[in-house]
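Chemist: Structure below; questions to follow.
Bear in mind that the values in this text are calculations on the coordinates, not laboratory data. What you see is a predicted model; the values in this text were computed from it and never measured. When we count neighbours, we look across all protein chains shown, and the Cβ atoms used for this are built from the backbone with ideal geometry, even at glycine.
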Amino acid sequence: MRHRIVIVGGGFGGLAAAKELRDPAVQVTLVDRRNFHLFQPLLYQVATGSLSPGEIASPLRGVLKHHPNTSVMLAEVVNVDLDRRRVILGHQATAARSELPYDSLIVAAGARHSFFGNDRWESFAPGMKTVEDALQIRRRMVMAFEAAELETDPGRRREWLNFVVVGAGPTGVELAGQIAEIARYTLRKNFRRIDPRDASVMLVEAADRVLPPYSPDLSASAKRSLERLGVTMMLATTVVDIDAESVTVRPPEGSAVRIGARTKIWAAGVQASPLARELASATGAELDRAGRVTVQPDLTLPGHPEVFVIGDMNRVSDGRGGVQPWPGVAQPAIQEGRYAAVTALARIDGERSAEPFRYDDKGSLATIGRLSAVADVRGVRFAGAPAWLAWLFVHILFLIGLENWLAVLSRWAISFVSHGRGQLLITGEQAAEHAGRAAATSTPLDAELTSTMARRT
């Protein structure tokens, strides 16, 4: 009987592991609640209308169709029975549950948003981890301009034209820059009663600089680029409250300030998949504040050398009492996925020991806007157009599938020449029906837009 390896999650880490496991001596099952791999680094471009979801997503079965020893299962992992070596699955298609046995397990279930205990904020300030999140943000952003066009009261119109992004990491910086470009260039001639260039984009960050993980000189360069686009920096500022109509912040000096803003986006924190807590509870492993489980230097759970936990779910012990939480980006997950696969294969061949995992940091890239980005590639730091071109090259390089590669490249070329964004569409059930819905069954923004339309007519 072939050695059975189950992989939980079809993100960067899980897919890297599956690609490495082409050995016919193993039987591989990849489990994911979605049937596609999502290229998350470009998800913000779906949210801001540059790309469509299908251009950054690839069906998992298609990606792995040339791996005859690998099958894909559409299911959600409910729990893991470590003693019996079973993964408990919930099947979306049939609403049934089943058990999937394994000899080796690679858990790469990723992370979700963290609102630091203020979960009620999520309905007012969505985060961006899924395609649905990105489409919701796009809908709210475009509907805000539409509502401002209809609004006759100057104060309420100002609230519609205020956009607040919470968190100045790479995602927040990229979103703020893109929204500012949309207001300044893409939409500037599209409306008759408002000038989209009057929109105000605010970036709120608790640290004293943007892109805190980057070097101070790159942070300063990113800040200057954002300011040139008209983004208002609110650094060393914490969010106190969020509701449907506003954000309340506390600056470094003084009392809390309420900012009227209908459109808020959360890019401030992430929390490991709840599965990490389940695994920690079953093994006694430590969890950090972000819900990441502490794993051995070889990425395995304490006491369970057959279970690897990789990517955003883990922090790695150095074997001497220290831990290393690697950045929550694609490269650590990919490298850990490959390492877990190679180590699992080696142990099947009787090699019980393995060199500790070593992360090879190839660098970091973040884009701000047109011809503007920052880069730190193996200690070489640069910014501006060269960094922007490097960012384009790297993201095209790692896209999966020739069709997506060509689609994204052509879309970017057209957008660069025209300043256009062909995907700024209001789509979905709420967009189609908001005018006829009661406010009680609408989202806060839907209800407010309906009220604005009624006043206008």
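Chemist: Students often forget the sequence filter, so: which lysines lie under 30 Å Cα-Cα from LYS223 once same-chain residues fewer than 8 apart are removed?
Modeler: Hits, sequence-local ones excluded: LYS129, LYS189, LYS264, LYS362.
Chemist: Could I ask something else about it? Rounded, prolate or oblate: which one fits segment 168-259, using the alpha carbon gyration tensor with axes a ≥ b ≥ c (rounded when a/c is under 1.5, else prolate when a/b beats b/c, else oblate)?
Modeler: Oblate shape, in that a/c is at least 1.5 and b/c is the bigger or equal ratio.
Chemist: Can you tell me how segment 36-91 classifies by the Cα gyration tensor, rounded, prolate or oblate, using a/c under 1.5 as the rounded cut?
Modeler: Oblate, because a/c is 1.5 or more while a/b does not exceed b/c.
Chemist: Once you wrap a convex hull around the alpha carbon atoms of the chain, what is its projected area averaged over all directions, in nm²?
Modeler: Over all viewing directions, the chain projects a mean Cα-hull area of 23.5 nm².
Chemist: Still on this structure, please answer the following. For segment 18-115, count all C-alpha to C-alpha pairs, find those more than 24 Å apart, and express that count as a whole percent of the total. Could you put the intermediate results ahead of the total?
Modeler: On the way: 1602 of 4753 pairs.
Tail of P(r) above 24 Å: 34 percent of Cα pairs.
Chemist: Given labels modelled 7 Å from the Cα in the Cβ direction, how far is it in nm from SER71 to ALA236?
Modeler: About 5.9 nm, to one decimal.
Chemist: Relative contact order of segment 244-306, please, whole-number percent, based on alpha carbon pairs below 8 angstrom and at least 6 residues apart.
Modeler: Relative CO of segment 244-306 lands at 20 percent.
Chemist: Give the angle, between 0 and 90 degrees and rounded to the nearest 10, that separates the Cα long axis of helix 402-418 from the longest principal axis of the Cα atoms of the chain.
Modeler: Relative to the chain, helix 402-418 is tipped by roughly 20 degrees.
Chemist: Right, another one. For segment 1-113, give me the percentage of DSSP beta bridges that are antiparallel, rounded to the nearest 5 percent.
Modeler: 45 percent
Chemist: Among VAL204, THR186, PRO274, which residue has its Cα furthest toward the positive end of the charge dipole of segment 159-275, with +1 on Lys/Arg Cβ and -1 on Asp/Glu Cβ?
Modeler: Farthest towards the positive end: THR186.
Chemist: In addition: Per DSSP H run of at least 4 residues, take -39500 (n - 2.57); add these up for the chain, divide by its residues and hand me the 222 nm value, nearest 500 deg cm²/dmol.
Modeler: Value at 222 nm, helices only: -10000 deg cm²/dmol.
Chemist: Based on DSSP, what percent of beta bridges with both residues in the chain are antiparallel, to the nearest 5?
Modeler: Of all bridge pairs located within the chain, approximately 55 percent are antiparallel.
Chemist: If you count, for each residue, the other Cβ atoms within 10 Å and average over each peptide, how do 324-331, 282-289 line up from highest to lowest?
Modeler: Listed from highest to lowest mean packing, they are 324-331, 282-289.
Chemist: Then there is this: Is there a quick way to get the dipole size of the chain? I mean about its Cα centre, with the Cβ of Lys and Arg at +1 and of Asp and Glu at -1; what is the value in debye to the nearest 20? Kindly include the intermediate steps, with their values, before the conclusion.
Modeler: Details: 53 positive and 49 negative charges, 195 e Å.
Here the chain has a charge dipole of around 940 debye.
Chemist: Let me ask you something else. Under a point spin-label approximation (7 Å from Cα along Cα-to-Cβ), what is the ASP318-ASN190 distance to one decimal in nm?
Modeler: 5.0 nm
Chemist: Please give, to one decimal in nm, the separation of the simple spin-label points placed at ARG378 and THR130, each 7 Å out from Cα toward the Cβ.
Modeler: Result for the modelled spin labels: 3.9 nm.
Chemist: Oh, and also: Under a cut-off of 17 Å between alpha-carbon atoms, report the aspartates and glutamates in cross-link reach of LYS65, not counting same-chain residues fewer than 8 places apart.
Modeler: GLU20, ASP23, ASP32, GLU403
Chemist: Tell me, ILE259, ILE5, ILE137 in order of fewest to most beta-carbon neighbours within 10 Å?
Modeler: ILE259, ILE137, ILE5
Chemist: Compute the FRET efficiency between GLU99 and ARG61 as 1/(1 + (r/R0)^6), taking r as their Cβ-Cβ distance and R0 = 30 Å, and round to the nearest 0.05.
Modeler: The computed FRET efficiency comes out at 0.85.
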